[in-house]
Amino acid sequence: MTRRLISSGSEFEAQIGYARAVVCDGWVFVAGTTGFEYASMEISADVAVQAEQAFRNIDAALTEAGASMGDVVRVRYILPDGADWEPCWPVTRAWLGTARPAATMIIAALQDPRMKIEIEVTAHLP
């Protein structure tokens, strides 16, 4: 088994003890990712903007792993407020409309009240 860790530089990774992504035996497992812009640790109040930033963060991890959004086979969306889900659809369609992975949306509290969406993906290396 080969295993490689990928970091985004988020302070949460070191504080909590996880990697942004783990590459293992042809798979890329990207941790739940929120809309923080990790360089500044800023986050928008707008859920669609958060979703867009989360996908940018995910895309960066996938790229470092040697994969792309087109390689995503599974996605999980976690939102504290179900009413925020539909405004995210144009963003999710833009990022995953071609790959069309298996998907689940879960309503659950997130770590920080500013977080309105968290996205987790699994990809298979090409």
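Worth pointing out:
- Working from label points 7 Å from Cα in the Cα-to-Cβ sense, the residue 68 to residue 83 distance is 3.9 nm.
- Stretching the chain fully between residue 7 and residue 107 yields a gain of 33.4 nm (0.36 nm per residue, less the alpha carbon separation).
- Summed residue charge, Cβ within 12 Å of residue 80's Cβ, Lys/Arg positive, Asp/Glu negative: -2
- Amide H contacts under 5 Å for residue 27: 125, restricted to partners 5 or more places along the chain or on a different chain, H placed in the peptide plane at 1.01 Å from N.
- Of the listed residues 5, 110, the order by accessible area with a 1.4 Å probe, largest first, is 5, 110.
- In region 1-117, the DSSP beta bridges split such that about 60 percent are antiparallel, to the nearest 5.
- Principal axis dimensions, region 67-126 - Cα atoms, whole angstrom, descending: 36, 21, 16
- Remark: region 39-44, residue by residue, has Karplus-estimated 3J(HN,Hα) of 5, 9, 6, 9, 9, 6 Hz, where x stands for each Gly or Pro and the curve is 6.51 cos²θ - 1.76 cosθ + 1.60 at θ = phi - 60°.
- For region 78-83, backbone phi angles converted through the Karplus equation (6.51, -1.76, 1.60; θ = phi - 60°) give residue-by-residue couplings of 10, 10, x, 10, x, 5 Hz, Gly and Pro being listed as x.
- Once the 1.4 Å probe is applied to the protein heavy atoms, the chain comes out at 51 Å² accessible per residue.
- Other residues within the sphere of radius under 13 Å centred on the Cβ of residue 103, judged by their own Cβ, net out at +3 (K and R +1, D and E -1).
- Scaled radius of gyration (Cα, divided by 2.2 N^0.38 Å) that the chain gives: 0.99
- Amide H to amide H, with H built 1.01 Å from N, residue 38 comes under 5 Å of no residue 5 or more places away or on another chain.
- Rounded to the nearest Hz, the phi-derived 3J(HN,Hα) couplings of region 105-117 under the Karplus curve 6.51 cos²θ - 1.76 cosθ + 1.60 (θ = phi - 60°) are 10, 10, 9, 7, 5, 10, 4, 10, x, 6, 6, 10, 7, where x marks glycine and proline.
- Solvent-accessible surface (1.4 angstrom probe) belonging to residue 41, in square angstrom, nearest 10: 40
- Surface share of carbon and sulfur [accessible, 1.4 angstrom probe, percent] for the chain: 54
The values are calculated or read from the model by the stated rules, or taken from the named source; none is laboratory data. All of these numbers come straight from a predicted model, not from anything done at the bench. Cβ atoms come from the backbone with ideal geometry, glycine included; neighbour counts cover every protein chain shown. Areas reflect the complete protein model, heavy atoms only, side chains present, ligands, DNA and RNA absent. Shrake-Rupley method; radii C 1.70, N 1.55, O 1.52, S 1.80 Å.
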